[in-house]
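Presented below is the structure to which this report refers.
The values are calculated or read from the model by the stated rules, or taken from the named source; none is laboratory data. Remember, predicted model here, so these are calculated numbers, not experimental data. FYI the Cβ positions are ideal-geometry reconstructions off the backbone, even for glycines, and counts take in every protein chain you see. When the accessible area is computed, the model is the full protein with side chains, heavy atoms only, and any ligands, DNA or RNA have been set aside. Shrake-Rupley method; radii C 1.70, N 1.55, O 1.52, S 1.80 Å.
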Amino acid sequence: MSALAPAPWREPPIGLLAELTHRCPLGCPYCSNPLELVARERELSTAQWLRVLEEAAELGVLQLHLSGGEPTLRSDLEEIVARARALELYSNLITAGVGVSERRLEALARAGLDHVQLSVQDVDPEGCDRIGGFTGSLARKIAFARAVRRLGLPLTVNAVVHRHNLDRLERFVELALELDADRLEVAHVQYYGWALLNRAALMPTRAQLDRSVEIVKRARERYGDRLLIDFVVPDYYATHPKPCTSGWGRAVIVVAPDGRALPCHAAHTIPGLVFANVKDAPLRWIWQESPAFQRFRGFDWMKEPCRSCPRREIDFGGCRCQAMQLLGDPEATDPACALSPHHARITALAEAEAAAAPPPFRYRRLEPVPA
Amino acid sequence: MSFAPDDRLVLARGVRVRFDPVRNCHVLLAPERVLFPCPTSVEILGRLGEPRSFGALVAELAAEFDAPAEEIGRDLEALLSDLVAQRVVRVERRAA
Ligand code: SF4
Ligand code: SF4
């Protein structure tokens, strides 16, 4: 280790995003998984995941997000949930809810699952099938949601919204109420991974965005006491960038199916970073000292206008991966910020894509995509 | 927000409070949320695993802390209003 290595980071992480598998029966064109997916043979074993959970709890992780792909495709999910409960980690299952029987769900509840987040691709059955690339998906999702509530588990409906389903946003709110959900997450697509590949097919118009802001505002006024609504606006039309993952290496650790640990699920798109694997290195070292996690902590790496901006404590200069993807420079101000010299260009790009006819979806697949 | 004696209060669905030895304080865990409640909130939240009426809670605390019920009621109302607004505690009201 270099004598000039920065001091180890002593703040503990809040959350662990465990991507148990990249396998998934759906193929959403906005999936946040990388284009190059991890095949089943390379997934961590049960024992390896249980060890990661233990290390995470010791490090101060409080919440465990069981994600994928489709995490219920792992037959050891009950065991993983039970270990999380034993370690007092708050467990959150992030699922598409299409292949999960009520018996399975019951077993997960018994193992101590705390919360279920169900993705709903569209409230229109055909739209739902078309976006996920899976026939009969909506009916299965609704049945799954009812089973979740029958078991007394809290439920979040996760609605990823874009040009094809935004005009039905009111009905998403109605569905969430009807399913007795506790939370509704209305998340405009974030353009990484597969979503970036499909950006032109997904980008909403500014008018669609403005309407969604109105709908969410009204729904909060009307149903605020019954339904908590979280709202994520699309970066390309934003004024300020989002504090991505609450700042690089400040709150979350993502562990990919093969054991690679990352500060966010798109971090692998930044060239030159080496991500340690939980199979080879202790999680504590990865979090506190590994160069990839240390890379964008603090403010010294920043350039102007971020470096002298008072908002740097709030948004940390936005997303590093987005600066990389759109500007080729991971240290640049996220162009989602209105203070970035490139902001106008990015907004114009979004407007042009939204105005043109949508190209066909390129569905998420395990096989590599041809360039 | 004000509470009637027979309003029942309970932790909202999915809320868990535990001690965190790493941070050396109590943490409140909820879907996509982590909060750090003050010691008084921890004291109250710990009593709301099952629904409790506001009146019973006031009486219990007044006896335990040997303080006038009126004063306890006022403090508790302020604290609970905040917890309800944050959707950490749910109120069950008898239909009027
Ligand atoms: S976004 Fe769609 S394809 Fe990707 S993991 Fe979730 S359900 Fe599967
Ligand atoms: S200039 Fe940088 S720190 Fe300031 S608001 Fe924009 S992204 Fe945030």
With (1) out of contact with any Lys or Arg (no Cβ under 6 Å at 6 or more places or on another chain); (2) open to solvent by 10 Å² or more (accessible area, probe 1.4 Å); (3) in contact (Cβ under 8 Å) with a residue 40 or more places away in the chain as the list, and A:Leu73 as the residue in question, which single condition is left unmet?
-> (1)
Can you tell which of B:Arg16, B:Arg33 is surrounded by 14 or more Cβ atoms within 10 Å (Cβ to Cβ) and in contact (Cβ under 8 Å) with a residue 12 or more places away in the chain?
-> B:Arg16
Those residues of the range A:146-168 which are more than 14 Å from every other protein chain (Cβ to nearest Cβ) and either over 29 Å from A:Asp235 (Cα atoms) or buried (at least 20 other Cβ atoms within 10 Å of the Cβ) (or both) amount to A:Arg146, A:Ala147, A:Ala159, A:Val160, A:Val161, A:His162, A:Asn165, A:Leu166
Which condition breaks for A:Gly136 when tested against (1) over 19 Å from A:Leu227 (Cα atoms); (2) among the small types (Gly, Ala, Ser); (3) open to solvent by 40 Å² or more (accessible area, probe 1.4 Å)?
-> (3)
Criterion (modelled with pLDDT under 95, assigned to a loop (DSSP other than H, G, I, E, B) and away from chain B (no Cβ under 13 Å)) met by exactly one of A:Glu41, A:Glu36 | A:Glu36
Within the range A:75-120, restricting to residues that are of a type in the set (S, T, N, Q) and within 28 Å of A:Leu177 (Cβ to Cβ), the one that is nearest to ligand 1 (Cβ to nearest atom) is A:Ser119
Restricting attention to the range B:1-59, which residues are of a type in the set (Gly, Ala, Ser) and at the interface with chain A (Cβ under 9 Å from one of its Cβ atoms)?
-> B:Ala12, B:Gly14, B:Ala30
State whether the residues of the range A:100-113 include one that is crowded, with 23+ Cβ neighbours inside 10 Å, part of a helix (DSSP H, G or I) and more than 14 Å from chain B (Cβ to nearest Cβ).
-> yes
Residue satisfying condition, being over 13 Å from B:Pro5 (Cβ atoms) and not aliphatic (A, V, I, L, M), within set B:Glu77, B:Glu64, B:Glu60 = B:Glu64
Odd one out for A:Leu16 among (1) open to solvent by less than 40 Å² (accessible area, probe 1.4 Å); (2) more than 25 Å from B:Cys25 (Cβ to Cβ) | (2)
Residues satisfying the stated conditions in the range A:321-332, i.e. within 13 Å of ligand 2 (Cβ to nearest atom) and either within 14 Å of chain B (Cβ to nearest Cβ) or open to solvent by less than 10 Å² (accessible area, probe 1.4 Å) (or both) | A:Gln322, A:Ala323
Could you look through the range A:186-205, keep only residues that are touching a Ser or Thr at 6+ places or on another chain (Cβ under 9 Å) and open to solvent by less than 30 Å² (accessible area, probe 1.4 Å), and pick out the one that is farthest from A:Tyr363 (Cα to Cα)?
-> A:Val186
Determine the pairs where a residue that is more than 14 Å from chain A (Cβ to nearest Cβ) and farther than 14 Å from B:Gly14 by Cα, located within the range B:77-96, has a partner that is hydroxyl-bearing (Ser, Thr, Tyr) and surrounded by fewer than 17 Cβ atoms within 10 Å (Cβ to Cβ) with Cβ atoms under 9 Å apart, the partner being 6 or more residues away or on another chain.
-> B:Glu77/B:Ser2; B:Leu79/B:Thr40
Is there any pair linking a residue in the range A:49-64 that is within 14 Å of A:Pro12 (Cα to Cα) to one that is open to solvent by 10 Å² or more (accessible area, probe 1.4 Å) and assigned to a helix (DSSP H, G or I), with Cβ under 7 Å and at least six apart or on different chains, and which?
-> A:Glu55/A:Arg284; A:Leu59/A:Arg284
Checked against (1) open to solvent by 60 Å² or more (accessible area, probe 1.4 Å); (2) within 11 Å of ligand 2 (Cβ to nearest atom), A:Glu351 satisfies every condition except (2)
The range A:282-307 residues that are in contact (Cβ under 8 Å) with a residue 60 or more places away in the chain and more than 14 Å from every other protein chain (Cβ to nearest Cβ), paired with ones that are away from ligand 2 (no atom under 16 Å from the Cβ) and among the acidic types (Asp, Glu) (beta carbon under 7 Å, 6 or more apart) | A:Pro282/A:Glu55
